[in-house]
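The next block holds one structure in the form of structure tokens; read it before the comments.
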Amino acid sequence: MEISVEETALLDSGNTAWIIVATILVLLMTIPGLSLFYGGLVRRKNILSMIMQCFILTGVITILWFAFGYSWVFGTAFMESGSSLGFFIGGFDKVFLHGITIDTLNPLGGNIPEILFALFQCMFAIITPALIIGAFAERVKFSGYLVFIVIWSVLVYMPLAHWVWGGGWIGEMGALDFAGGTVVHVSAGISALVMALLIGKRKDYKPGQPTGTNSVPYVFMGAAFLWLGWMGFNAGSGLAADGLAANAFLVTHIAAATALVTWVALEWIRDKKATTIGASTAAVAGLVAITPAAGSVDVLGAFVIGFTSAFICFFMVAVVKPKLKYDDSLDAFGVHGMGGIIGSILIGVFATQVITGANGAKGALYGDWRQLWVQILATLISIGYCAVLTFIIFKVTDKTVGVRVSQRVEEEGLDIYEHGETAYNG
């Protein structure tokens, strides 16, 4: 008698435990990490506006994500039915996590609960629009900000995440983005630049001259939380507690350390001093750049990506921005946009089958120039899409609820006018 055995995938408790931890780490990146980092960089009259802009996103984007965002990105109904809408979004089959139980395993791997995967991805959806805040700090209305960010998340982040991670056409053409080069940092950075140009400079902004910071220790603490949280951001993106996660952890740390040392050296050469803000910004630049490549490069790639990101981002922040006189207040484009572009493209150079496996992708350094062209194309597509949509969304928001605060509010501070509070008393 022949006995057939149906193999049933079982939940992996080790992977599940690790992704729970990774999810917590990614949440720490926005609150308190980015809140402190951006809050410390602005003046004391605007610190609460930075904190509130990050904090409110954690609530609003979570609701949008589980209502329909997760389904738009990782649903499959439209693609399976052949609907033309499948080009933009996955479907409505998983709205409010419909049909997903505590026993449903993630279809994309890891043998973890799908509800956990949805929560992990929610943290990415939260921090991505939060990064844009740095471009228009100290001059945006809270109401206009909310309207813009909600529309942006729905029309920019969700379709782009579907294209790259949810089985969409950018992923299908072979582009690699392990943890958010194009989806997170290119999208946020390019949108930040467009916003900075459209909203205009702060009234007292003088190119090349600092406007003053609220608290350098807050900047350091924010950067420290970001560095810590990034280990979940990158090492968790493989969805398993394995060698790939260990490598992602390793190269992420190396890239950040290399960027930090490189940036400090550049400051020392140019200004004869090393700053805490510069070092903090440098670490973030290295973390940004390694993000898309953490699942495909080894130690050599990490060193080069860390060095390159620091060098180019420093040049953008210290030379290009003052020269072109645009007011990217907290260097969201100079760090996140440029860092994301650097990392996304350098995958095509340094991806190695030592990490991706015998049948995995490899870069130009190892003989496959096609991967480089695919990475460049995917990056250019992301830049173009985000720039055009951000321009349209800004114009619509500005014509309806308005985006920029009045001159009096800008001069006296957003905290007291927009939130009725002050961070410091006495």
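The values are calculated or read from the model by the stated rules, or taken from the named source; none is laboratory data. Not measured: the values here are computed from a predicted model. Glycine also receives a Cβ, built like all others from the backbone with ideal geometry; neighbour counts cover every protein chain displayed. For the accessible areas, the whole protein counts, side chains as well, though only heavy atoms, and no ligand, DNA or RNA atoms are used. Shrake-Rupley method; radii C 1.70, N 1.55, O 1.52, S 1.80 Å.
Which residues in segment 123-141 have a backbone N closer than 17 Å to a point placed 7 Å from the Cα of GLN407 along the Cα-to-Cβ line?
Only 139-140 fall inside the zone, counting backbone N under 17 Å.
Cα centroid distance between segment 165-208 and segment 281-307, in Å?
That distance is 17 Å.
Under 1.5 on a/c is rounded, so check that first for segment 211-342, then, if it is not, pick prolate when a/b is larger than b/c and oblate when it is not; a ≥ b ≥ c are the square roots of the alpha carbon gyration tensor eigenvalues.
Prolate, since a/c reaches 1.5 and a/b exceeds b/c.
If you stretched the chain out fully between ARG44 and GLU172, how much longer would it get, using 0.36 nm times the residue separation minus the C-alpha to C-alpha distance?
Working it through step by step, the gained length comes to 41.4 nm.
Once you have the alpha carbon radius of gyration of segment 357-399, what is it after dividing by 2.2 N^0.38 Å, with N set to its residue count?
That works out to 1.85 for segment 357-399.
Leaving ligands, DNA and RNA out of it, rank ASP103, ASP327 by accessible area with a 1.4 Å probe, largest first.
From most accessible down to least: ASP103, ASP327.
Enumerate the amide H contacts of LEU105 below 5 Å, restricted to partners 5 or more residues apart or on another chain; note that Pro and chain-start residues carry no placed amide H.
GLU114
For a quick check of your reading of the filter: which trypsin sites (Lys or Arg not before Pro) in segment 213-307 sit in a DSSP loop and have no more than 11 other Cβ atoms within 10 Å?
Within segment 213-307, the qualifying trypsin sites (Lys or Arg not before Pro) (loop, at most 11 other Cβ atoms within 10 Å) are LYS272, LYS273.
Calculate the spin-label point distance for THR422 paired with ALA77, positioning each point 7 Å from the Cα along the beta-carbon direction, and give it in nanometres.
The two pseudo-label positions are separated by 5.3 nm.
Which whole-Hz ³J(HN,Hα) couplings does segment 18-34 yield from phi under the Karplus relation 6.51 cos²θ - 1.76 cosθ + 1.60, θ = phi - 60°, glycine and proline marked x?
Working through the residues one at a time gives 5, 6, 4, 4, 4, 5, 4, 4, 5, 4, 4, 5, 8, 10, x, x, 5 Hz.
Only Lys, Arg, Asp and Glu count, each charged at its Cβ (+1, +1, -1, -1), so figure out the dipole size of the chain about its Cα centre, rounded to 20 debye.
1960
Which three numbers, in whole Å and largest first, are the semi-axes of the equivalent ellipsoid of segment 121-210 derived from its Cα gyration tensor as √(5λ)?
Taking √(5λ) for each Cα gyration eigenvalue gives 28, 14, 10 Å.
Mind putting together the pair-distance distribution for segment 182-262? All Cα pairs, 10 Å bins, whole percent per bin, short to long.
Answer for segment 182-262: a P(r) of 14, 28, 36, 17, 5, 0 percent.
With no solvent and one point per C-alpha, what does the Debye sum give as log10 I(q)/I(0) for segment 367-426 at q = 0.17 Å⁻¹?
After summing over all Cα pairs, the log10 values are -0.75.
In terms of modelled amide H atoms, which long-range or inter-chain residues lie less than 5 Å from the amide H of VAL140?
Amide H to amide H, under 5 Å and 5 or more residues apart or across chains, VAL140 pairs with VAL405.
Enter the per residue convex hull volume of segment 74-126, computed from alpha-carbon coordinates, in Å³ rounded to the nearest integer.
89
Stokes-Einstein at 10 °C, 1.306 mPa s, Kirkwood radius from Cα pairs: D for segment 86-172 in µm² s⁻¹?
Estimated via Stokes-Einstein, D reaches 107 µm²/s.
What's the whole-number percent of alpha carbon pairs in segment 1-145 lying beyond 21 angstrom?
56
Quick one: angle between helix 299-315 and the longest Cα principal axis of the chain, in degrees between 0 and 90, rounded to 10, please.
Relative to the chain, helix 299-315 is tipped by roughly 30 degrees.
Would you mind checking the pairs LYS45/LYS273; LYS141/LYS201; LYS323/LYS395 and listing those with alpha carbons more than 21 angstrom apart?
Too far apart for the 21 Å limit: LYS45/LYS273; LYS323/LYS395.
Counting alpha carbon pairs within less than 8 Å and at least 6 residues apart, what relative contact order, in whole percent, applies to segment 23-166?
Worked out over segment 23-166, it gives 29 percent.
So what's the Cα pair-distance distribution over the chain, bin width 10 Å, in %?
5, 22, 33, 25, 11, 3, 1, 0, 0
Over all pairs of distinct alpha carbons, what does the Kirkwood formula give as the hydrodynamic radius of segment 57-216, in Å?
17.1
From largest accessible area down, sort ASP368, ASP328; use a 1.4 Å probe on the protein chains.
The residues order as ASP368, ASP328, largest area first.
Give the angle, between 0 and 90 degrees and rounded to the nearest 10, that separates the Cα long axis of helix 114-132 from the longest principal axis of the Cα atoms of the chain.
20
Under the definition of Cα pairs under 8 Å and six or more residues apart, what whole-number percent is the relative contact order of the chain?
Reported as a whole number, the value is 23 percent.
Let a ≥ b ≥ c be the square roots of the eigenvalues of the Cα gyration tensor of segment 292-426; is it rounded (a/c under 1.5), or, if not, prolate (a/b larger than b/c) or oblate?
prolate
Enumerate the aspartates and glutamates that LYS94 could reach by cross-link, defined here as Cα to Cα under 12 Å, with residues fewer than 8 away along the same chain left out.
Reachable aspartates and glutamates: GLU114.
Can you sort HIS253, HIS336 by 1.4 Å-probe accessible area, starting with the largest?
Sorted descending by solvent-accessible area, the residues read HIS253, HIS336.
If you line up the long axis of helix 243-271 against the longest principal axis of the chain, both from Cα atoms, how many degrees apart are they, to the nearest 10?
Compared with the principal axis, the helix lies near 20 degrees.
Which net charge results for the neighbourhood of MET79, defined as the other residues with beta-carbon distances under 12 angstrom from its beta-carbon, given Lys and Arg at +1 and Asp and Glu at -1?
My count for the surroundings of MET79 gives -3.
Just the number: Rg to Rh for segment 298-369, Cα atoms, Kirkwood Rh, two decimals.
The Rg/Rh ratio comes out at 1.12.
What aspartates and glutamates sit close enough to LYS362 to cross-link, taking a C-alpha to C-alpha distance under 19 Å and skipping anything fewer than 8 places away on the same chain?
Partners found: GLU172, ASP177, ASP298.
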